[in-house]
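Heads up, the thing below is written out as structure tokens.
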Amino acid sequence: MDAYEKFISDLKRVFDLDLTGYKRPQMERRINSLMRVLKIEGYDAFINEMKGEQAIFNRFLDHLTINVSEFFRNQAQWDVLREKIIPDLLTKSNELRIWSAGCSTGQEPYSLAMLMEEHFPRVNYSILASDFDIRVLDKAKAGKYTEREVAGMESKYLTKYFSKNNEEYNVLESLKRKITFKKHNLITERFESGFDLILCRNVVIYFTEETKAELYKNFFNSLKPGGILFTGSTEQIITAREIGYSSAAIFFYQKPM
Ligand SMILES: C[S@@+](CC[C@H](N)C(=O)[O-])C[C@H]1O[C@@H](n2cnc3c(N)ncnc32)[C@H](O)[C@@H]1O
């Protein structure tokens, strides 16, 4: 085991943070650059610093996982979701079970909930929103966003689903109630099943090809027959055919009926 592998294994043992399955060169570069900034020499010293000070561990997590999100990210694909994918799903059932996997600070599940309320008001739906980073989940649950974070969203959503408190926009409780937030690691934990729609967007960027293939297979098993996986706008599934997905639209993968 070399120094990097020992560091990864210490992270798991000490902090329950499992980075196996992530691309080593990118991770190593990010970790080393942070250690240089913090003037820490050696992985053992870094582990000790993080053990001693929560703020350093938080800084490490911030540096590693890029949590950036936005409401209705890549709008054109949300239009496809609204105009084609959801209406197709609703021909099979009038109830939708949805999972936003890697939901970060909540913009994705709240966008989903607003879309359902606005365009499919008579449909029963539930949204599971998960991430392995509890700090982003806390922000997601709080549902408080700055002016900058809500910029670009259609004003009908902003006026209907948020209350304004000074400069802060707060998601209404009635919308929050549609979403269950849960800590969940996509690489190491079991998946729930029975979903009509799964969103996993802009999450897999640092995953190795093997990890991605495994993840997309696990999503396949979690979908109901006819269910859809919605990926990010640069994320094509190379193993889609092999797994059994067909294409419902670009970036929408369907499990056969
Ligand atoms: C860039 S954000 C994407 C947020 C949202 N899906 C979007 O497209 O705007 C990526 C999120 O994936 C989460 N993530 C990374 N690896 C994960 C893992 N193994 N399990 C669960 N979440 C993970 C990160 O914590 C981060 O919040």
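What number of residues within the range 229-238 satisfy the criterion of being over 16 Å from the mean Cα position of the chain (by Cα) and surrounded by 14 or more Cβ atoms within 10 Å (Cβ to Cβ)? Outline the logic, then answer.
In the first step, residues of the range 229-238 are kept if they are over 16 Å from the mean Cα position of the chain (by Cα); the result is 236-238.
With surrounded by 14 or more Cβ atoms within 10 Å (Cβ to Cβ) added as a condition, the list becomes 237.
Result for the range 229-238: 1.
When the range 140-181 is examined, which residues are found to be buried (at least 16 other Cβ atoms within 10 Å of the Cβ), among the β-branched types (Val, Ile, Thr) and not in a strand (DSSP E or B)?
If the condition is that a residue be buried (at least 16 other Cβ atoms within 10 Å of the Cβ), among the β-branched types (Val, Ile, Thr) and not in a strand (DSSP E or B), then 150 is the only one that fits.
Before we move on, is residue 216 of a type outside the set (Asp, Glu), closer than 18 Å to residue 114 by Cα and touching a residue at least 12 places away in the same chain (Cβ under 8 Å)?
No: the conditions fail for residue 216.
For the range 103-149, what are the residues that are closer than 30 Å to residue 19 by Cα and among the acidic types (Asp, Glu)?
Once the filter is applied, which keeps residues that are closer than 30 Å to residue 19 by Cα and among the acidic types (Asp, Glu), the range 103-149 yields 108, 131, 133, 138, 149.
Go through 127, 66 for me and flag whichever is buried (at least 20 other Cβ atoms within 10 Å of the Cβ) and closer than 27 Å to residue 152 by Cβ. Walk me through how you get there before you give the answer.
Values: 66 fails: buried (at least 20 other Cβ atoms within 10 Å of the Cβ).
One residue alone meets the criteria, 127.
Which residue out of 92, 84 is touching a Gly at 6+ places or on another chain (Cβ under 6 Å) and assigned by TED's automatic domain parsing to the domain that holds residue 124?
Numbers: 84 fails: touching a Gly at 6+ places or on another chain (Cβ under 6 Å).
From the options 92, 84, the qualifying one is 92.
Based on what the data block shows, is residue 134 under 19 Å from the mean Cα position of the chain (by Cα), surrounded by 16 or more Cβ atoms within 10 Å (Cβ to Cβ) and within 15 Å of the ligand (Cβ to nearest atom)? Step through it out loud before you land on a result.
Details: under 19 Å from the mean Cα position of the chain (by Cα): yes; surrounded by 16 or more Cβ atoms within 10 Å (Cβ to Cβ): no; within 15 Å of the ligand (Cβ to nearest atom): yes.
So residue 134 does not fit the description; no.
Only residues that are more than 11 Å from the ligand (Cβ to nearest atom) and in a loop (DSSP other than H, G, I, E, B): list them for the range 192-216, please.
The answer is 192, 193, 194, 208.
Can you pull out every residue in the range 222-257 that is part of a strand (DSSP E or B) and either aromatic (Phe, Trp, Tyr) or at pLDDT below 95 (or both)?
Of the range 222-257, the ones part of a strand (DSSP E or B) are 223-231, 246-249, 252-254.
The answer is 230, 252, 253.
Please count how many residues of the range 182-191 are near the ligand (Cβ under 10 Å from one of its atoms) and either among the aromatic types (Phe, Trp, Tyr) or part of a loop (DSSP other than H, G, I, E, B) (or both). Let's see the steps before the verdict.
Filtering the range 182-191 for residues near the ligand (Cβ under 10 Å from one of its atoms) gives 183-189.
Next, from what is left, pick out any that are either among the aromatic types (Phe, Trp, Tyr) or part of a loop (DSSP other than H, G, I, E, B) (or both): 184-189.
Residues flagged as near the ligand (Cβ under 10 Å from one of its atoms) and either among the aromatic types (Phe, Trp, Tyr) or part of a loop (DSSP other than H, G, I, E, B) (or both) within the range 182-191 amount to 6.
Go through (1) farther than 28 Å from residue 169 by Cβ; (2) of a type in the set (Gly, Ala, Ser); (3) touching a residue at least 40 places away in the same chain (Cβ under 8 Å) for residue 9 and report which single condition fails.
Result: residue 9 passes all but (3).
Yes or no: residue 46 buried (at least 18 other Cβ atoms within 10 Å of the Cβ), touching a Leu at 6+ places or on another chain (Cβ under 7 Å), free of Cβ contacts under 8 Å to residues at least 40 places away in the same chain and over 20 Å from residue 234 (Cα atoms)? Lay out the reasoning, then the answer.
Working: buried (at least 18 other Cβ atoms within 10 Å of the Cβ): yes; touching a Leu at 6+ places or on another chain (Cβ under 7 Å): no; free of Cβ contacts under 8 Å to residues at least 40 places away in the same chain: yes; over 20 Å from residue 234 (Cα atoms): yes.
Spelling it out, it is not the case that residue 46 is buried (at least 18 other Cβ atoms within 10 Å of the Cβ), touching a Leu at 6+ places or on another chain (Cβ under 7 Å), free of Cβ contacts under 8 Å to residues at least 40 places away in the same chain and over 20 Å from residue 234 (Cα atoms).
The values are calculated or read from the model by the stated rules, or taken from the named source; none is laboratory data. Please read all numbers here as calculations on a predicted model, not as lab measurements. Counting neighbours? That spans all protein chains shown, and the Cβs are built from the backbone with ideal geometry, glycine included.
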